[in-house]
1. Return the sequence-ordered ³J(HN,Hα) values of segment 199-208 in whole Hz as given by the Karplus equation 6.51 cos²θ - 1.76 cosθ + 1.60 applied to θ = phi - 60°, using x for Gly and Pro.
2. Which lysines have a Cα lying under 26 Å from the Cα of LYS232, excluding residues fewer than 8 positions away in the same chain?
3. In debye, nearest 20: dipole of the chain around its Cα centre with unit charges on the Cβ of K, R (+) and D, E (-)?
4. Using the charge dipole of the chain (Lys, Arg: +1 at Cβ; Asp, Glu: -1 at Cβ; taken about the Cα centre), state which of CYS189, THR112, TYR242 has its Cα farthest towards the positive end.
5. Can you bin segment 203-284 into rounded, prolate or oblate? Criterion: square roots of the alpha carbon gyration tensor eigenvalues sorted a ≥ b ≥ c, rounded for a/c under 1.5, prolate for a/b above b/c, oblate for the rest.
6. Among GLU41, GLU264, GLU59, which one moves the most in a GNM of the chain with springs linking Cα atoms closer than 10 Å?
7. Among rounded, prolate and oblate, which fits the chain when a ≥ b ≥ c are the square roots of the eigenvalues of its C-alpha gyration tensor, a/c under 1.5 means rounded, and a/b larger than b/c means prolate?
8. Which part of segment 94-136 falls in the paramagnetic zone of GLN262, meaning amide N under 14 Å from the point 7 Å along Cα-to-beta-carbon?
Amino acid sequence: MGKDSNTGMVVILVILAVLMYGGSKGTNGGGLFSVGPVTPEQKQADIQRQINDTQYKVEELKKQVSAEEAKKYESKYKDIIDLSYITRGNQASQEYAVIRSNNSLKSPVKITGWTLKSRSTGNSVKIPQGTYLFFAGIVNPEQDIYISANDTIYINTGISPNGASFKLNKCSGYLNQFQTFTPYIGGYCPSPSKENISNIPRTGYNDSCFDFIDSMSSCKTQTDPLPAGSSKWSVECTDFIYKKVNYPACVDTHKNDKDFYQNEWRIFLKRSETLWKNSREDIVLLDEEGKIVDEYKY
């Protein structure tokens, strides 16, 4: 017997039970039959009350059945990993989805292979692999992406400005200088003045070089000419400015720090056109089993 037949049988049993229960009581108890004279109005009122009561119980039963059916399609990560919002844009590079996890997530979960799908258009895309540690100037190997507790994952529809999907680290702010990321990568790089400068000779000529290093901004590679008088600075000082204050040098220096990695990924779908509608959109996040993790409507 199918699901609908089972539900129908339960409904019939509920109706019979209510009618039998009602029929065994007197008028004062709200039954259909009573001892003593009953006016037509009283009898009609009793019948209508029983009908209303039965209809209410049937509706409640339908809600319970629907809730149980819905659970079959819910992911075990529901309310743990959320599809927080979608930012639309006129270009693929401006459009992105945001996935977040909370501290209920006890161990990392692979989200490579999960699906974002529009109920409105049928457009769908699977979350790809990414690079755990991005290095500039090379082809970066890719691996499955895992989401941990309190992570934020930005999934941009377009092509990566640096050619990779990657996990952010304490040096990633340098990448903003020569590429444009949507959304902007926060600048949290170590300050140049706090780096190891012990090999720079502390001579009088280098005093102004130390002052210049103190004034340097975080997450910014030196591309402008050095100030007047810099020709007297030692080679060690100018080498530090040009060779140690940049993304590759920062990674090399700090990659083993306990706080090197941030709780954020930048994933790019490599599409040339946008995926999501500007309005009346309904997007679901599906896990590896095709079950619904979360849904976002706008």
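1. My calculation for segment 199-208 gives 8, 7, x, 8, 9, x, 5, 8, 4, 5 Hz in order.
2. Cross-link targets: LYS194, LYS220, LYS243, LYS244.
3. On the way: 35 positive and 34 negative charges, 89 e Å.
Dipole magnitude for the chain comes out near 420 debye.
4. THR112
5. Numbers: a/c = 3.99, a/b = 2.58, b/c = 1.55.
Prolate.
6. Among GLU41, GLU264, GLU59, the largest mean-square fluctuation in the Gaussian network model of the chain belongs to GLU41.
7. Details: a/c = 4.25, a/b = 3.55, b/c = 1.20.
Verdict is prolate for the chain.
8. Counting only backbone N, you get 134.
The values are calculated or read from the model by the stated rules, or taken from the named source; none is laboratory data. Bear in mind the structure is a predicted one, so any value in this text is a computation, not a measurement. No Cβ is skipped: glycine too gets one built from the backbone with ideal geometry, and neighbour counts run over all protein chains shown. Accessible surface is based on the protein model in full, side chains and every heavy atom, while ligands, DNA and RNA are left aside. Shrake-Rupley method; radii C 1.70, N 1.55, O 1.52, S 1.80 Å.
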